[in-house]
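Q: Questions regarding the structure given below will be posed in turn.
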Amino acid sequence: MGQAASPGDLAILRRLIAWAEKVVVLGSLLDGLTDARPKPRIGTLVIVRSLLVMIVTRLGSLNAVEQTHSSLFWRRFLHTQLPSADTLGRVASQMAPEALRKVLQDVYTELKRNKALPPPDHGLMPLVLDGHESHCTEQRHCPACLERTISTAHGDHIQYYHRHVTAMLLSRDFPILLDAEPQGPGEDEIATALRLLGRLLKNYPRAFDVVLGDALYTDPRLYNFLLDHGKDALTVLKNENRNLLMDARALFETLSPQRFTEGATTREVWDLQGFTSWPQVQQPVRVVRSRETTTTRRQLDGQRHDQEAGWVWVTTLSANQASTPTLVALGHARWRIENQGFNETTNRWAADHVYKHEPTAILIFCLMTMLAYNLFYAFYSRNLQPAYRSRFDAQHVARCLSSELYQGLADNRAPPT
């Protein structure tokens with residue numbers, strides 16, 4: 001899809017936008033977004049396009065984007081002036097999250113149609129669910145804030161925070177973020193995840209085969225819900241399910257493990273199915289244990305060092321559906337939502353920044369970050385050629401995006417001394 005950008009190409013932001021218009025028909029998708037203002041002077045499309053560029057260039061705040069208002073880029077891209085920071089935040093709080101979720105769904109559909117989302121080599125498409133606390137404060141709060149009491153030497157005080165459950169689809173080449181659901185006051189994370197899964201099964205019925213999660217998601221509510229809808233689950237097994245874990249460990253002691261080597265990691269794996277010691281789940285489950293040794297060489301003295309780790313997973317996948325190495329690969333794939341999802345979007349995309357402390361605005365900025373993330377990595381993986389990607393990582397491309405925005409500033413010269 002076109003020639004690779006040169007390393008010094010500062011037009012890469014316009015190239016990303018042109019690619020999004022052509023491949024995922026982004027302009028048409030955004031045209032359907034509206035907000036609750038009765039007589040808006042600035043169209044919703046102008047607001048959305050401004051927010052999308054702010055996030056994809058990783059500026060990190062509404063004030064930062066407002067300071068680029070004199071850039072020639074905005075006049076060419078918006079065909080009008082850049083709205084103020086106050087306007088951007090205020091309109092975001094009046095937008096409909098469902099309409100933005102529909103844009104995310106349509107982007108997924110277009111990427112799928114363009115064969116940009118193949119499953120991993122084992123053939124099963126995994127979906128990872130995990131909860132994330134976006135911010136906490138002891139000062140400002142809104143009706144949707146969760147509350148907890150913090151005890152200190154100076155007494156108890158209330159801390160307010162927001163938390164949501166996120167769904168990430170792990171395709172072979174790059175992950176994409178599908179949706180997020182805020183956790184409401186008085187409910188636990190599993191209840192939030194089930195509400196999210198209900199919407200995902202409606203909007204993405206064939207997008208995934210198995211749901212991955214940490215030990216918190218080893219919950220019969222989640223397992224039975226997925227089984228009722230023809231999906232499988234694989235989660236970490238810990239002491240909270242003591243009977244199942246004890247039965248599995250007792251049987252594993254009587255068996256010889258399978259051994260696999262992958263790079264510097266050697267695994268001893270035990271794999272048994274047919275466990276009925278978790279009666280709350282409507283069918284027998286399979287338990288896999290992996291004892292792993294990774295050999296590394298210390299940088300300080302050059303000596304080889306062995307690091308050991310152990311994992312136990314429970315799943316509804318049968319041996320016919322997934323081999324033992326496939327289950328181990330799926331179990332470790334769960335970490336991608338931590339590393340490529342929460343860690344990256346927080347540290348590089350300012351996803352935890354509170355642009356406006358209002359429930360709808362917080363969700364809108366979360367979904368907008370997902371949209372920008374998906375477009376950026378689809379562009380990086382599908383449009384930039386391998387020779388360029390081998391020399392320049394995604395972080396370099398992100399810097400080029402923001403460089404183009406700043407290069408167009410009309411007042412980018414230093415003030416007089």
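Q: Restricting attention to the range 23-37, report how many residues are touching a strand residue (DSSP E or B) at 6+ places or on another chain (Cβ under 9 Å) and either under 21 Å from Phe379 (Cβ atoms) or surrounded by 13 or more Cβ atoms within 10 Å (Cβ to Cβ) (or both). Before you say what the answer is, go through the steps one by one.
A: Of all residues in the range 23-37, those touching a strand residue (DSSP E or B) at 6+ places or on another chain (Cβ under 9 Å) come to 33-36.
Next cut, either under 21 Å from Phe379 (Cβ atoms) or surrounded by 13 or more Cβ atoms within 10 Å (Cβ to Cβ) (or both) only: 33-35.
So the count comes out to 3.
Q: While we're here: Restricting to the range 186-204, and then to whatever is under 20 Å from Gln282 (Cβ atoms) and among the small types (Gly, Ala, Ser), can you tell me which residue is surrounded by the fewest Cβ atoms within 10 Å (Cβ to Cβ)? Can you show your working first?
A: In the first step, residues of the range 186-204 are kept if they are under 20 Å from Gln282 (Cβ atoms); the result is 190-191, 193-194, 197-198, 201.
From what's left, among the small types (Gly, Ala, Ser): 191, 193, 198.
Details: Ala191: 16, Ala193: 27, Gly198: 13.
Once the filter is applied, the top-ranked residue is Gly198.
Q: Mind checking which residues of the range 229-284 are in contact with a Lys or Arg (Cβ under 6 Å, 6 or more places away or on another chain) and either under 30 Å from Tyr204 (Cα atoms) or open to solvent by 90 Å² or more (accessible area, probe 1.4 Å) (or both)?
A: Start the filter on the range 229-284 by keeping residues that are in contact with a Lys or Arg (Cβ under 6 Å, 6 or more places away or on another chain), which leaves 252, 260, 268, 270, 273.
Gln273 - this is the single residue of the range 229-284 that is in contact with a Lys or Arg (Cβ under 6 Å, 6 or more places away or on another chain) and either under 30 Å from Tyr204 (Cα atoms) or open to solvent by 90 Å² or more (accessible area, probe 1.4 Å) (or both).
Q: Out of curiosity, is Arg389 assigned to a helix (DSSP H, G or I), touching a helix residue (DSSP H, G or I) at 6+ places or on another chain (Cβ under 9 Å), basic (Lys, Arg) and free of Cβ contacts under 8 Å to residues at least 12 places away in the same chain? Please lay out each step first, then the result.
A: Numbers: assigned to a helix (DSSP H, G or I): yes; touching a helix residue (DSSP H, G or I) at 6+ places or on another chain (Cβ under 9 Å): yes; basic (Lys, Arg): yes; free of Cβ contacts under 8 Å to residues at least 12 places away in the same chain: yes.
Spelling it out, Arg389 is indeed assigned to a helix (DSSP H, G or I), touching a helix residue (DSSP H, G or I) at 6+ places or on another chain (Cβ under 9 Å), basic (Lys, Arg) and free of Cβ contacts under 8 Å to residues at least 12 places away in the same chain.
Q: Tally the residues that are touching a residue at least 40 places away in the same chain (Cβ under 8 Å), acidic (Asp, Glu) and in contact with a Ser or Thr (Cβ under 8 Å, 6 or more places away or on another chain), restricting the search to the range 159-202.
A: Counting residues in the range 159-202 that are touching a residue at least 40 places away in the same chain (Cβ under 8 Å), acidic (Asp, Glu) and in contact with a Ser or Thr (Cβ under 8 Å, 6 or more places away or on another chain) gives 2.
Q: When you scan the range 316-342, how many residues do you find that are more than 27 Å from Ser277 (Cα to Cα) and either among the aliphatic types (A, V, I, L, M) or assigned to a loop (DSSP other than H, G, I, E, B) (or both)? Talk me through it step by step, then tell me what you get.
A: Here is the first cut: in the range 316-342, the residues more than 27 Å from Ser277 (Cα to Cα) are 335-342.
When the remaining residues are screened for being either among the aliphatic types (A, V, I, L, M) or assigned to a loop (DSSP other than H, G, I, E, B) (or both), the result is 335, 337.
Selection size over the range 316-342: 2.
Q: Within the range 343-359, is even one residue of a type in the set (Gly, Ala, Ser), assigned to a helix (DSSP H, G or I) and closer than 23 Å to Asp173 by Cβ? It would help to see each step written out before you state the result.
A: Of the residues in the range 343-359, the ones of a type in the set (Gly, Ala, Ser) are 350-351.
Checking which are assigned to a helix (DSSP H, G or I) leaves us with none.
Scanning the range 343-359, I find no residue that is of a type in the set (Gly, Ala, Ser), assigned to a helix (DSSP H, G or I) and closer than 23 Å to Asp173 by Cβ, so the answer is no.
Q: Let me ask you something else. Quick one: would you say Leu371 is of a type in the set (A, V, I, L, M, F, W, C) and open to solvent by less than 40 Å² (accessible area, probe 1.4 Å)? Give the steps one after another, and end with the answer.
A: Details: of a type in the set (A, V, I, L, M, F, W, C): yes; open to solvent by less than 40 Å² (accessible area, probe 1.4 Å): yes.
Taking the combined requirement at face value, the residue satisfies it.
Q: Also, I was wondering about something else. Could you tell me which numbered condition Tyr380 fails, if it satisfies all but one of (1) surrounded by fewer than 20 Cβ atoms within 10 Å (Cβ to Cβ); (2) in contact (Cβ under 8 Å) with a residue 60 or more places away in the chain; (3) more than 30 Å from Thr57 (Cβ to Cβ)?
A: Only one criterion in (1) surrounded by fewer than 20 Cβ atoms within 10 Å (Cβ to Cβ); (2) in contact (Cβ under 8 Å) with a residue 60 or more places away in the chain; (3) more than 30 Å from Thr57 (Cβ to Cβ) is unmet by Tyr380, namely (3).
Q: So, in the range 98-130, exactly how many residues are of a type in the set (Lys, Arg) and part of a loop (DSSP other than H, G, I, E, B)?
A: Number of matching residues: 1.
Q: For the range 205-228, name all the residues that are in contact (Cβ under 8 Å) with a residue 60 or more places away in the chain, over 17 Å from Thr324 (Cβ atoms) and open to solvent by less than 80 Å² (accessible area, probe 1.4 Å). Steps first, please.
A: Of the range 205-228, the ones in contact (Cβ under 8 Å) with a residue 60 or more places away in the chain are 207-214, 216-218, 220, 223, 226-227.
The next check asks that each one be over 17 Å from Thr324 (Cβ atoms); those that pass are 207-209, 211, 213-214, 216-218, 220, 223, 226-227.
Matches in the range 205-228: Ala207, Phe208, Asp209, Val211, Gly213, Asp214, Tyr217, Thr218, Pro220, Tyr223, Leu226, Leu227.
Q: For Phe174, indicate whether it is surrounded by 16 or more Cβ atoms within 10 Å (Cβ to Cβ), in contact with a Leu (Cβ under 7 Å, 6 or more places away or on another chain) and of a type outside the set (D, E, K, R). Step through it out loud before you land on a result.
A: On the way: surrounded by 16 or more Cβ atoms within 10 Å (Cβ to Cβ): yes; in contact with a Leu (Cβ under 7 Å, 6 or more places away or on another chain): no; of a type outside the set (D, E, K, R): yes.
No; evaluated as a whole, the condition is false for this residue.
Q: Moving to a separate point now. When you check Arg206 against the structure, is it over 27 Å from Asp271 (Cβ atoms) and in contact with a helix residue (DSSP H, G or I) (Cβ under 8 Å, 6 or more places away or on another chain), yes or no?
A: Working: over 27 Å from Asp271 (Cβ atoms): yes; in contact with a helix residue (DSSP H, G or I) (Cβ under 8 Å, 6 or more places away or on another chain): no.
Against the criterion (over 27 Å from Asp271 (Cβ atoms) and in contact with a helix residue (DSSP H, G or I) (Cβ under 8 Å, 6 or more places away or on another chain)), Arg206 does not qualify.
Q: Taking the condition of being in a helix (DSSP H, G or I), under 15 Å from Leu405 (Cα atoms) and either open to solvent by less than 10 Å² (accessible area, probe 1.4 Å) or among the hydrophobic types (A, V, I, L, M, F, W, C) (or both), how many residues in the range 48-96 meet it?
A: Qualifying residue count, the range 48-96: 15.
Q: Taking the condition of being assigned to a helix (DSSP H, G or I) and closer than 14 Å to Met95 by Cα, how many residues in the range 27-47 meet it? Explain how you work it out, then say what you get.
A: Initial filter on the range 27-47 (assigned to a helix (DSSP H, G or I)): 27-31, 44-47.
With closer than 14 Å to Met95 by Cα added as a condition, the list becomes 30-31, 44-47.
The qualifying residues number 6.
Q: Do we find that Arg259 is under 30 Å from Thr360 (Cβ atoms), out of contact with any Phe, Trp or Tyr (no Cβ under 9 Å at 6 or more places or on another chain) and charged (D, E, K, R) in this structure?
A: No: the conditions fail for Arg259.
Q: Let me ask you something else. Anything in the range 229-248 that is in contact (Cβ under 8 Å) with a residue 60 or more places away in the chain and not hydrophobic (A, V, I, L, M, F, W, C)? List them, or say none.
A: Start the filter on the range 229-248 by keeping residues that are in contact (Cβ under 8 Å) with a residue 60 or more places away in the chain, which leaves 232-238, 241, 244-245, 248.
Within the range 229-248, Asp232, Thr235, Lys238, Asn241 meet the criteria.
Q: Please enumerate the residues belonging to the range 166-204 that are out of contact with any Cys (no Cβ under 7 Å at 6 or more places or on another chain), farther than 26 Å from Thr326 by Cα and not in a helix (DSSP H, G or I).
A: Glu181, Pro182, Gln183, Gly184, Pro185, Gly186, Glu187, Asp188
Q: So for the range 295-304 (the condition being at pLDDT 85 or above, over 16 Å from Thr235 (Cβ atoms) and assigned to a helix (DSSP H, G or I)), does at least one residue qualify? Give the steps one after another, and end with the answer.
A: Residues of the range 295-304 at pLDDT 85 or above: 295.
Imposing the further condition that a residue be over 16 Å from Thr235 (Cβ atoms) reduces the set to 295.
Restricting the remaining residues to those that are assigned to a helix (DSSP H, G or I) gives none.
Scanning the range 295-304, I find no residue that is at pLDDT 85 or above, over 16 Å from Thr235 (Cβ atoms) and assigned to a helix (DSSP H, G or I), so the answer is no.
The values are calculated or read from the model by the stated rules, or taken from the named source; none is laboratory data. These figures come from a predicted structure and were not determined experimentally. Glycine gets a Cβ as well: all are built from the backbone with ideal geometry, and neighbour counts include every protein chain shown. Heavy atoms of the whole protein, side chains included, go into the accessibility calculation; ligands, DNA and RNA do not. Shrake-Rupley method; radii C 1.70, N 1.55, O 1.52, S 1.80 Å.
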